[in-house]
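S.K.: Before we start, here is the structure in question, set down as structure tokens.
The values are calculated or read from the model by the stated rules, or taken from the named source; none is laboratory data. Worth saying up front: this structure is predicted, and the values here are computed from it rather than measured. Counting neighbours? That spans all protein chains shown, and the Cβs are built from the backbone with ideal geometry, glycine included. Just so you know, the surface numbers come from the protein's heavy atoms only, side chains and all, with ligands and any DNA or RNA stripped out. Shrake-Rupley method; radii C 1.70, N 1.55, O 1.52, S 1.80 Å.
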Amino acid sequence: MLKVLQNLMQVQSVDVRLNAVRARLAIFPKRLAEFDARVAGARAEVDHSKAAQLATIKERKTYELDVEQWKEKVRKYRDQTSQIKTNEAYKALQHEVQMAEAEIAKAEDRLLEQMVAGEEYDRRIKISERTLKEVEETVRGERSRVEVEKAAAEKELAELTAERTRLATEIPEDMRDHYERIAKKHNGVSLAEVRDEKCTACGMRVRPHVFQEMRRANSEEMFHCETCTRILYYIEPAAAAAPTGASAASAPAPVSTSSES
Ligand SMILES: [Zn+2]
């Protein structure tokens, strides 16, 4: 096999891993944002309960004031009773007193409702605060695990990038450009293995004479798939490469070092 093809295969193997690492790194912002969203959600629940509590306290004060005002009215009506001359006027005043007392009762009912609601909000605030604490704790643990994963992925990215730079220097520039051009078209995968006389990337059959030439150990040519244009390579199956039955049993790895990548 061509030396440059072997080098390209190494580059491609690194590129495949680089793509995987980049894909892994790309989802970290989303995962970290999810943590923020979970904490924000739990905090919003606390804020919501506290706001509701505050509203009940305000309403309670209004109803308290209502009760006071109606009671004040009743007192005034009672004071007026002594000056009443006619039976009609007395009845009318009595009616006013009854109305005011009904209003007092209504306001007191509402006041009681607000107090019950207030207790409910107290309970909700306590629960939501406890939940927030739990969420914060869980998220803290999960976040630190994700940060460790992220750091490992970043380290791997740096190592692979360095490895790729090193491998690329061994390949002539025009060949590098050629590789990059094809890779760009095919999601970063520029090379395709030939198996069963077919391009494994697109499934297109390789012409018999091309396949014959590819199988020659000292082939000097580089072939491309006629359909997808990827650079083709062929690795002789290990069993077929072993010349005798005895050596095949003892040496499962290919003996020829030239086809090792
Ligand atoms: Zn193809």
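S.K.: Would you mind finding the one in Lys85, Lys150, Lys126, Lys133 that is away from the ligand (no atom under 16 Å from the Cβ) and assigned to a loop (DSSP other than H, G, I, E, B)?
M.R.: Going through Lys85, Lys150, Lys126, Lys133 in turn, the sole match is Lys85.
S.K.: Which of (1) touching a residue at least 40 places away in the same chain (Cβ under 8 Å); (2) open to solvent by 30 Å² or more (accessible area, probe 1.4 Å); (3) farther than 30 Å from Ala102 by Cα; (4) of a type in the set (A, V, I, L, M) is the odd one out, the single condition Ala42 does not satisfy?
M.R.: Only one criterion in (1) touching a residue at least 40 places away in the same chain (Cβ under 8 Å); (2) open to solvent by 30 Å² or more (accessible area, probe 1.4 Å); (3) farther than 30 Å from Ala102 by Cα; (4) of a type in the set (A, V, I, L, M) is unmet by Ala42, namely (2).
S.K.: State the number of residues belonging to region 179-213 that are away from the ligand (no atom under 16 Å from the Cβ) and buried (at least 18 other Cβ atoms within 10 Å of the Cβ).
M.R.: Selection size over region 179-213: 0.
S.K.: Which condition breaks for Glu163 when tested against (1) at pLDDT below 95; (2) open to solvent by 60 Å² or more (accessible area, probe 1.4 Å)?
M.R.: With respect to (1) at pLDDT below 95; (2) open to solvent by 60 Å² or more (accessible area, probe 1.4 Å), Glu163 is out only on (1).
S.K.: So Val255 clears everything in (1) β-branched (Val, Ile, Thr); (2) at pLDDT below 90; (3) at positive phi except one condition, right? Which one?
M.R.: Going through the list (1) β-branched (Val, Ile, Thr); (2) at pLDDT below 90; (3) at positive phi, Val255 breaks only (3).
S.K.: Which pairs turn up if I take residues in region 186-202 that are farther than 21 Å from Arg17 by Cα and among the acidic types (Asp, Glu) and look for partners that are in a loop (DSSP other than H, G, I, E, B) and more than 8 Å from the ligand (Cβ to nearest atom) with beta carbon separation below 7 Å, at least 6 apart in sequence or on another chain?
M.R.: Glu197/Val206
S.K.: Also: Sort out which residues of region 207-220 are under 22 Å from Ser13 (Cβ atoms) and outside any helix (DSSP H, G or I), and write them in order of number.
M.R.: The answer is Ala217, Ser219.
S.K.: Of all residues in region 214-235, count the ones that are on the phi < 0 side of the Ramachandran plot and either within 12 Å of the ligand (Cβ to nearest atom) or open to solvent by less than 50 Å² (accessible area, probe 1.4 Å) (or both).
M.R.: So the answer is 14.
S.K.: Could you tell me whether Gln80 is over 30 Å from Ala151 (Cα atoms), open to solvent by 90 Å² or more (accessible area, probe 1.4 Å) and out of contact with any strand residue (DSSP E or B) (no Cβ under 9 Å at 6 or more places or on another chain)?
M.R.: no
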